[in-house]
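Enquirer: Below: one structure in structure tokens.
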Amino acid sequence: MLVERPADEAANTRSMNAEHQTYAMLRGIRMFADFDDDECNRLLAVMQPRQVGSGDTVFEQGATGDTLVVLTDGILRVEVADHHGVSATVATIGTGEVVGEMAVLDAAPRSASVIAATDCQFLELSRTGLEQLRTSCPSASAAIVGAVIANVTKRLRNVNKRIDKELDPDGAMRKRREKQAAADKKEAESEGFFSRLMKRFGR
Amino acid sequence: MAQINLRALESLADYSNAELKLLASVAPAREYEEGANLCDEGAPGQSCFVLATGEVTIHKVIDSEEKELATLRAGAIVGQMSLVDRSPRSATVRASKYTIALELTREVFERLLNAYSPLALRFQSQIAVAGIRQLRMATQKLAGILNEARHREELAKKKRERRSKSMAPEPIDNRDQLLTVQAALSEWDMSLEELDDVHVSIPRGQIGADEMKGRM
């Protein structure tokens, strides 16, 4: 019979703590918010842990990618190069943020480069990984895809609103429409009143 | 009803035989004569359609005039967003010839998804991919249209400065383009070619930080 030595126990406790920290980190991301321990484990099993140094490129603009990245430590810089090749930083990504969620479902050329602004650690989920998850843990896969859909729907709506604004910068047209609708309603009501009046007087 | 062969549909190419069988049993095939509507703009959307045979056209009322926006053929999946979103139908779908379409309701889809049916999971991924492509296309088109408008505005300004300062600015008419993108956004899997009829220049610098993050 094996007797566990105190040193092992301490190591076990340490690794369990680390495990729980990883779970907590994952649950801090909206996409994985409702994951239980088992779902977290199965997700971790299909993701590749990676490390890059400051200045390294994670995604390259124009290169086709099919992975999403969960940044577990560090800062990433999102850069877009214009057609003259001049790059500008358009966003930064911090610990616990996800980047590339659309590519994991539909591979496409990256629309920007992602560069490590500091030494970074991240978890990478590939399209193949997500497909494996669909079999090994359908609930986790459904939650991830569901979160992507929710996000895409929200952004489609934003683009729609943006176009509305472009079409009608001051909402002038909307206001006119509303005013007309109110006037129509009033007219319809008064018409009703008038015809009731006519009826009352037997006409 | 005419025989339909789901196996031959490109959009269902990855489905196993068992999944196709399940799809056929949970999504009843409906027949539409030429001119009949599969769904009407503004009505609550509670289902999506897989076109098995035939052809449909997408119509939308723009500035109180009905416009035809796109033609979709067998294999197309129409109205997927209704399965995940509760907004009303953004356009009318009309059979332009005799059409058979499988109708999958939100209720059935949700039930299958909650049971983690492989069919529903596959369909869910397909909805996501359709949405992603729509978003990518639309943001790109929108950026292009806005860019072009800005460019033309600048040109017009220079022209005015050269001629006379009192000349009224020419209004830039990109309404139709914008409305087309807007219509394509909502839920119809319009083809790239159809959107390409909307002329644009190369997009650059019109996209915000959040949009950029999300687009990768």
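Readers should treat all values here as calculations from the given coordinates under stated rules, not as data from a laboratory. Just so you know, these numbers come straight off a predicted model, no measurement behind them. Here Cβ is always computed from backbone atoms with ideal geometry, including for glycine, and neighbour counts include all displayed protein chains.
Enquirer: Show the residue pairs meeting these rules: Cβ distance below 7 Å; 6+ apart or different chains; first residue within region A:123-139 and within 12 Å of another protein chain (Cβ to nearest Cβ) and closer than 15 Å to residue B:120 by Cβ; second residue outside any helix (DSSP H, G or I) and not small (Gly, Ala, Ser).
Expert: Within 7 Å, the pairs are A:138/B:116; A:139/B:116.
Enquirer: Moving on. (1) outside any helix (DSSP H, G or I); (2) touching a residue at least 24 places away in the same chain (Cβ under 8 Å): which one isn't true of residue B:126, the others all being true?
Expert: Of everything listed in (1) outside any helix (DSSP H, G or I); (2) touching a residue at least 24 places away in the same chain (Cβ under 8 Å), residue B:126 misses just condition (1).
Enquirer: Let me ask something additional. On the given criteria, is residue B:70 crowded, with 20+ Cβ neighbours inside 10 Å, among the hydrophobic types (A, V, I, L, M, F, W, C) and within 22 Å of residue B:134 (Cβ to Cβ)?
Expert: On the way: crowded, with 20+ Cβ neighbours inside 10 Å: yes; among the hydrophobic types (A, V, I, L, M, F, W, C): yes; within 22 Å of residue B:134 (Cβ to Cβ): yes.
Criteria met by residue B:70.
Yes/no matrix, rows are residues, columns are (1) basic (Lys, Arg); (2) over 22 Å from residue A:30 (Cβ atoms); (3) not in a loop (DSSP other than H, G, I, E, B):
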position: A:55; (1), (2), (3): no, yes, no
position: A:91; (1), (2), (3): no, no, yes
position: A:105; (1), (2), (3): no, no, no
position: A:111; (1), (2), (3): no, no, no
position: A:114; (1), (2), (3): no, no, yes
position: A:118; (1), (2), (3): no, yes, no
position: A:124; (1), (2), (3): no, no, yes
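Enquirer: A further question on this structure: Suppose we filter region B:73-82 for residues that are of a type outside the set (A, V, I, L, M), in contact (Cβ under 8 Å) with a residue 24 or more places away in the chain and surrounded by fewer than 21 Cβ atoms within 10 Å (Cβ to Cβ); how many remain?
Expert: Keep residues of region B:73-82 that are of a type outside the set (A, V, I, L, M), which gives B:73, B:75, B:79-80, B:82.
Filter once more, so that each one left must be in contact (Cβ under 8 Å) with a residue 24 or more places away in the chain: B:75, B:79-80, B:82.
Subset that is surrounded by fewer than 21 Cβ atoms within 10 Å (Cβ to Cβ): B:75.
The qualifying residues number 1.
Quick grid of which residues meet (1) touching a His at 6+ places or on another chain (Cβ under 8 Å); (2) of a type outside the set (D, E, K, R); (3) without any contact (Cβ under 8 Å) to a residue 12 or more places away in the chain; (4) away from every other protein chain (no Cβ under 11 Å):
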residue: B:84; (1), (2), (3), (4): no, yes, no, no
residue: B:97; (1), (2), (3), (4): no, no, no, yes
residue: B:102; (1), (2), (3), (4): no, yes, no, yes
residue: B:109; (1), (2), (3), (4): no, yes, no, yes
residue: B:113; (1), (2), (3), (4): no, yes, yes, no
residue: B:119; (1), (2), (3), (4): no, yes, no, yes
residue: B:134; (1), (2), (3), (4): no, yes, no, no
residue: B:139; (1), (2), (3), (4): no, yes, no, no
residue: B:145; (1), (2), (3), (4): no, yes, no, no
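Enquirer: What's the number of the only condition in (1) within 20 Å of the chain's Cα centre (by Cα); (2) assigned to a strand (DSSP E or B); (3) within 10 Å of another protein chain (Cβ to nearest Cβ) that residue A:77 fails to meet?
Expert: (3)
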